[in-house]
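Working notes for the structure below.
What follows is calculated from the coordinates using simple rules that are stated; it is not laboratory data. Because the structure is predicted, anything quoted here is derived from the model rather than measured. All Cβ positions, glycine included, derive from the backbone under ideal geometry; neighbour counts span all protein chains shown.
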Amino acid sequence: MLTITLLGTAATMPLPDRALTAALAECGGHALLFDCGEGTQAAARRAGVNLMKLDAICLTHYHGDHIFGLPGLLQTLGCQGRERPLTLYGPEGLGEVWPALRTLTGPLPYPVRAVQLDTDPIDLTTLSSGWPAGAQLTPFRTRHRVPSRGYRLDLPRAGRFDPAKARALNVPVPAWKLLQRGQSIPLENGAVVTPADVLGPARRGLRFVFSGDTAPCPALEQAAQNADLFLCDATYPDNEQEAQAKQWGHSTFAQGAAIAKKADVRRFWLMHYSPMILEPEAALPNAQAVFPAAECGFDGKQIILQYNEEAT
C-alpha cells in the first residue's frame with residue numbers, strides 16, 4: 001500500500017484553509033515529504049500523519065513557498081527526539097541554499113544529508129531497509145523559472161509466488177518470504193535459489209507523480225505515464241490564462257488535465273492554487289472538460305493506493 005496525503009495546496013502565500021505546498025507519501029512505516037511550505041507541520045497534525053517517519057524530504061525548487069516550512073520542521077523533529085539520519089534532496093543550488101536553512105534551523109541531534117540531484121533514480125532501500133525491494137524515486141526536470149524537479153515514486157510488484165516450484169527446489173518454508181522480497185536463498189547443498197526461480201512475471205506496481213511548479217513539458221508527460229496518482233501544478237484556473245502561466249512557469253487547470261490525459265493516468269489531482277482562486281471547485285469543469293476524472297486537491301486530502309489484484 002502507498003498512502004498519499006496532501007498537506008498544502010496553496011501557491012505564493014498561505015490562506016486560512018490552505019497551507020503552502022507539501023505532500024506526504026507513506027509506505028510500511030516510512031515516508032517521503034515532497035516540498036515543505038509554510039504550514040506543513042500544522043497540516044500534518046490536522047491530517048493525523050506522523051512526520052517522524054520521514055526518510056527524506058524532496059524539494060522541487062527553492063522558491064520560498066516550497067521551503068520556508070523546513071527550518072521549523074527540522075527543529076521539531078529534533079525536539080521530538082529524532083536521532084536517525086534524514087536526507088534532503090533537491091536540484092541545482094542546494095549547496096548554496098542548505099547552509100542558509102541550516103543556520104536558521106540551529107543545532108540538531110540528528111544528521112541531515114543534503115544531496116543535489118540530477119535525474120538518476122534513487123533506490124529507496126539505501127535510505128531504509130523498510131522500503132519494499134525495488135522501490136525507486138526518480139527526479140525529472142520540469143519547466144519553471146529556476147532549476148526545478150518533479151518526482152516519480154515507483155513501487156514494483158513481483159510476480160506470483162509458486163509454492164510448488166519452491167518445494168521442488170527444496171526451499172525451506174521459512175525462506176519463502178525472503179524470495180518473495182527479492183532475496184536469493186543459498187541451500188545446504190550449495191545451490192542458490194533466486195526469486196526468478198519461483199516467481200511468475202512481474203505484475204503492475206504503484207506509481208505516484210508529484211509535478212512541483214512547472215509549465216507543461218515532455219519530461220512531465222513522460223514521468224506521469226500510467227501513474228496511479230498524478231499531482232499537478234494548477235496555479236491558474238482559466239484557459240485564457242495560458243500566456244500568464246507560461247510567463248511564470250506554471251500550468252492552468254486544463255493544461256494539467258491535458259498531461260493527465262496524454263499520460264493515461266488513473267487519478268489526477270489539481271494543486272498549487274493561486275491565492276486568487278478562492279473556490280477551486282468552481283473552475284474544475286475547465287479540467288474535467290479535458291480529463292473527466294480530474295479532482296481538486298485540498299489540504300488533508302488522502303488516498304490509499306493498493307495493488308490491483310487483477311493486474312499482470
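Quick one: work out the % antiparallel among DSSP beta bridges in the chain, nearest 5. Each step should come with its number before you reach the end.
Values: 33 of 58 bridges.
Antiparallel: roughly 55 percent of the beta bridges in the chain.
Between residue 183 and residue 243, what is the label-to-label distance in nm when each label sits 7 Å out along the Cα-to-Cβ direction?
With each label point 7 Å from Cα toward Cβ, the separation is 6.2 nm.
Please report the antiparallel percentage of DSSP beta bridges with both residues in the range 1-160, rounded to the nearest 5. Let's see the in-between values first.
Numbers: 19 of 32 bridges.
Taking every DSSP beta bridge with both residues in the range 1-160, the antiparallel ones total about 60 percent.
May I ask you to compute the full-extension gain from residue 84 to residue 103, defined as 0.36 nm times their residue separation minus their alpha-carbon distance, rounded to one decimal in nm? Working shown, then result.
Working: separation 19, 0.36 × 19 = 6.84 nm, distance 2.01 nm.
Once the chain is fully extended between residue 84 and residue 103, it gains 4.8 nm.
Out of the GluC sites (Glu not before Pro) in the range 23-119, which ones are loop residues according to DSSP with at most 13 other C-beta atoms within 10 Å?
Values: sites: 26, 38, 83, 92, 96; in loops: 38, 83, 92.
Within the range 23-119, the qualifying GluC sites (Glu not before Pro) (loop, at most 13 other Cβ atoms within 10 Å) are 83.
Quick one: work out the % antiparallel among DSSP beta bridges in the range 211-312, nearest 5. List each step's numbers first, then the result.
Working: 0 of 8 bridges.
About 0 percent, rounded to the nearest 5.
R0 = 22 Å: FRET efficiency of residue 308 with residue 194, Cβ-based, nearest 0.05? Mind dumping the intermediate values first?
On the way: r = 26 Å, r/R0 = 1.17.
Approximately 0.30, to the nearest 0.05.
Straight-line reach only, C-alpha to C-alpha below 23 angstrom: list the lysines that residue 165 could link to, leaving out same-chain residues fewer than 8 apart.
Leaving aside lysines fewer than 8 places away in the same chain, those within reach of residue 165 are 177.
Can you tell me what the convex hull of the Cα atoms of the range 172-289 projects to on average, as an area in nm²? Numbers along the way, then the final one.
Working: hull surface 42.1 nm².
Computed as one quarter of the Cα hull surface, the answer is 10.5 nm².
Remind me, relative contact order of the range 1-153 in percent, using alpha carbon pairs under 8 angstrom and six or more residues apart? List each step's numbers first, then the result.
On the way: 317 pairs, mean separation 26.7, N = 153.
It rounds to 17 percent for the range 1-153.
What whole-number volume per residue, in cubic angstrom, does the convex hull of the C-alpha atoms of the chain give? It would help to have the intermediate numbers written out before the result.
On the way: hull volume 43.6 nm³, N = 312.
Value for the chain: 140 Å³ per residue.
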